[in-house]
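What follows draws every value from the coordinates through simple rules; no lab data is involved. The model shown is predicted, which means the values in this text are computed figures rather than measured ones. Ideal geometry is used to build each Cβ from the backbone, glycine not excepted, and the neighbour counts take in all protein chains shown.
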Amino acid sequence: MDFEPPLLESYKTLLQSSLGFGVGTGDVRNDDKSSMVVEICELPLIDLNLKREEFMKEIIEAARDWGFFQVVNHGIPQEVLQKLKFEQKKVFQRPFSNKSQGNFLNLPVTCYRWGNSFAKNLRQTNWSEALHIFLHDIGKVYQEESLRSTMDAFATAVSPLVENLVQILAQKLNVPLSYFKENCSEKSCSVRLNRYPPCPLPSKVYGLMPHTDTSFITILQQDQAGGLQLMKDGQWVDVKPVTEALVVNIGDLFQALSNGFYKSVKHRVVAMEKVERLSAAYFYNPSPDAVIQSYGTPPLYKKFTFGEMAKLKQKDVMETGDKVGLSWFLCTPS
């Protein structure tokens, strides 16, 4: 179909190389026992209609022990989430030649992404495409009123949820809420619409390669297709989707800010042969000059700016196909 990005062609050399070394039809991604999925897990499911003291405790425990949790009664209207999915399907069904243009939807060149052109091996492949838009750029999608208004409605509805969660997580650390209000804005926070096309070689590539999020926190709406996996106790486990729930995960910045109390957990999306998967993520990020400092003694991480971390991440991706993350800023490198 003319809307599919040329993913198979882009990974042709890596696939031929793996087959040439006698890997055959086995799972070339999995090179150690930790790559094997051992169970389906149900993330902590937190009802935000409980008494505040109750769900505050549950959120803090989940952020500490899992780095992931799901929330229901979150305040995001289901009609907004359903409309967003509808608009996602429409925009990704545009011809690839149109999506890959520099001025697609009147947005910056980097808004549309597909695959991983820097992949050095099959463990770094992304069988996916995405539309990544900073909140202050949503208004530029003026030629597509339905998409613009739906994305704006999603971002507007998620913002209070994010602020509530951040307030709870920050309160435990004695981090002033003003820190986030001063450093996080529509210019730094973003929405990403993701599509994972059906894949003819699901055992050989990833839908989304293993990684941790750079954000303070990420809010994810996923469909019922499944495929999201996270690392728990040294093993990969499937995350079972829950109808009407949103997934929340801690990012690298909150792990550093909390001095390791909250966990930024590695996660991935597996490729699927016959099923299309859609998700939408809201990334709560600060401005490039925001200073990240560990609230704890002794500090595990050196003081750094978000801009410094972003530059190192980009350098890692370009040179190795992967990102290193927080280890750059460890006080005592491992």
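Which FRET efficiency value, to the nearest 0.05, do you get for GLN82 and GLU42 by plugging their Cβ-Cβ distance into 1/(1 + (r/R0)^6) with R0 = 25 Å?
Details: r = 24 Å, r/R0 = 0.94.
Given R0 = 25 Å and the Cβ-Cβ separation, E is 0.60.
Backbone amide hydrogens, once placed in the peptide plane, bring TYR206 within less than 5 Å of THR125, TRP127, excluding anything fewer than 5 places away on its chain.
Within the range 271-334, list the GluC sites (Glu not before Pro) lying in a DSSP loop whose Cβ has at most 11 other Cβ atoms in a 10 Å radius. Could you put the intermediate results ahead of the total?
Values: sites: GLU273, GLU276, GLU308, GLU319; in loops: GLU273, GLU276.
In loop regions of the range 271-334 (DSSP not H, G, I, E or B), the sparsely surrounded GluC sites (Glu not before Pro) are GLU273.
Note that the range 271-278 has calculated 3J(HN,Hα) couplings of 7, 10, 6, 10, 10, 8, 10, 10 Hz, one per residue in order, obtained from phi through the Karplus relation 6.51 cos²θ - 1.76 cosθ + 1.60 (θ = phi - 60°); glycine and proline are x. Would you mind checking LYS51/LYS85; LYS266/LYS303; LYS57/LYS263; LYS99/LYS274; LYS51/LYS172; LYS120/LYS313 for any pair whose Cα atoms are more than 21 angstrom apart? Where the Cα-Cα span goes over 21 Å, the pairs concerned are LYS51/LYS85; LYS266/LYS303; LYS99/LYS274. Note on the chain: GNM, Cα springs under 10 Å; of LEU50, LEU193, LEU135, the largest mean-square fluctuation is that of LEU50. Only Cα pairs within less than 10 Å get springs; with that Gaussian network setup on the chain, which residue of TYR284, TYR262, TYR142 has the largest fluctuation? Comparing TYR284, TYR262, TYR142 in a Gaussian network model of the chain, the most mobile one is TYR142. Derived scalar couplings between HN and Hα for the range 233-247 equal 6, x, 10, 7, 9, 6, 9, 6, x, 10, 4, 6, 9, 10, 8 Hz in order, rounded to whole Hz, by the Karplus curve 6.51 cos²θ - 1.76 cosθ + 1.60 (θ = phi - 60°), x for Gly and Pro.
Within the listed set ARG94, ARG277, ARG123, the residue fluctuating most in the Gaussian network model of the chain (springs between alpha-carbon atoms under 10 angstrom) is ARG94. Expressed as a whole number of Å, what is the distance separating the alpha-carbon centroids of the range 162-187 and the range 287-322? If you average the Cα positions of each part, the centres end up 18 Å apart. Couplings 3J(HN,Hα) for the range 48-65, derived from phi with the Karplus relation 6.51 cos²θ - 1.76 cosθ + 1.60 (θ = phi - 60°), are 7, 8, 5, 4, 4, 4, 5, 6, 4, 4, 5, 5, 5, 5, 5, 5, 7, 8 Hz, where x marks Gly and Pro. If the chain linking TYR295 and ASN73 were pulled fully straight, counting 0.36 nm for each residue of separation and taking away their Cα-Cα distance, it would gain 76.8 nm. Each residue in THR125, THR320, THR212, THR110 was given a count of other beta-carbon atoms within 10 angstrom of its own, and listing them fewest first yields THR110, THR320, THR212, THR125.
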